[in-house]
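> Input: one structure, supplied below.
The values are calculated or read from the model by the stated rules, or taken from the named source; none is laboratory data. Just so you know, these numbers come straight off a predicted model, no measurement behind them. Heads up, the Cβs are rebuilt from the backbone with ideal geometry, glycines too, and the neighbour counts pull from every protein chain shown. The area values use the complete protein model at the heavy-atom level, side chains included, leaving out ligands, DNA and RNA. Shrake-Rupley method; radii C 1.70, N 1.55, O 1.52, S 1.80 Å.
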Amino acid sequence: MTSPLLRQDGISLLVVLVMLAILGLSLGLAGSTWKTVVQRSKEAELLFRGDQYRKAIESYASVKHGGASGMLPAKLEDLLRDPRFPGVVRHIRKLYKDPMTGGDFELIKDPRYGNRIKGVYSSSDEAPFKAGGFPQEYATFANAESYQDWKFIYEPKQPQQRRPAGSGQQPPASGHPVFQGGQAN
């Protein structure tokens with residue numbers, strides 16, 4: 001008869017089960033960490049793309065055309081090729097998708113300007129990781145409950161109005177280039 005201390009029936013099985021449990025926990029932690037990394041990357045991309053739209057809308061509105069400035073685009077495609085000019089005038093290089101959903105951005109329209117577009121936002125209801133440290137124009141994003149609260153808006157200074165030609169009024173300097181024929185002016 002062998003001593004109970006020398007018998008090892010089941011010890012190997014117990015070691016394998018403990019190792020599988022440790023491996024499962026490790027993979028679970030790695031998976032949640034990877035999800036966090038991916039969401040933070042998408043969040044940074046949302047900030048970039050939304051800002052590109054806001055700047056493009058500002059550029060579109062700052063262009064003086066027909067004696068007036070301050071007109072907002074009717075559709076996002078107008079930012080790609082400004083219909084107010086016979087040649088190609090671009091305010092944005094391409095139309096971006098919402099990185100949080102993979103779909104189109106939701107549009108923010110202004111009824112004071114004939115329901116023209118003044119901004120965009122994501123339709124994602126996920127809670128953002130970033131809760132502070134935003135640039136001044138996006139200070140309202142701090143402590144937002146979801147990405148839907150991150151609204152990238154260009155707010156015109158005054159409602160659109162026609163000025164007589166030669167009135168000496170200049171459009172506001174936006175500091176953003178207008179792309180014409182593939183080159184920045």
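> Can you give the accessible area of R90, probe radius 1.4 Å, in Å² rounded to 10?
Looks like 80 Å² after rounding.
> Could you tell me the accessible area of T140 in Å² (1.4 Å probe, neighbours in place), rounded to the nearest ten?
Rounded to the nearest 10, that gives 110 Å².
> Further, regarding this structure: What area, in nm² and to one decimal, does the C-alpha convex hull of the range 17-163 cast on average over all directions?
Over every viewing direction, the Cα hull of the range 17-163 projects on average to 11.0 nm².
> A further question on this structure: Quick check: net charge around S122, other residues with Cβ under 11 Å of its Cβ, Lys/Arg +1 and Asp/Glu -1?
-4
> Give the ranking of M100, M71 by solvent-accessible surface, highest area first, calculated with a 1.4 Å probe.
Descending accessible area places them as M71, M100.
> Looking at I108, P135, A61, which one has the Cα that reaches farthest to the positive end of the dipole of the range 55-143 (charges on Cβ: Lys, Arg +1; Asp, Glu -1)?
After comparing all options, I get A61.
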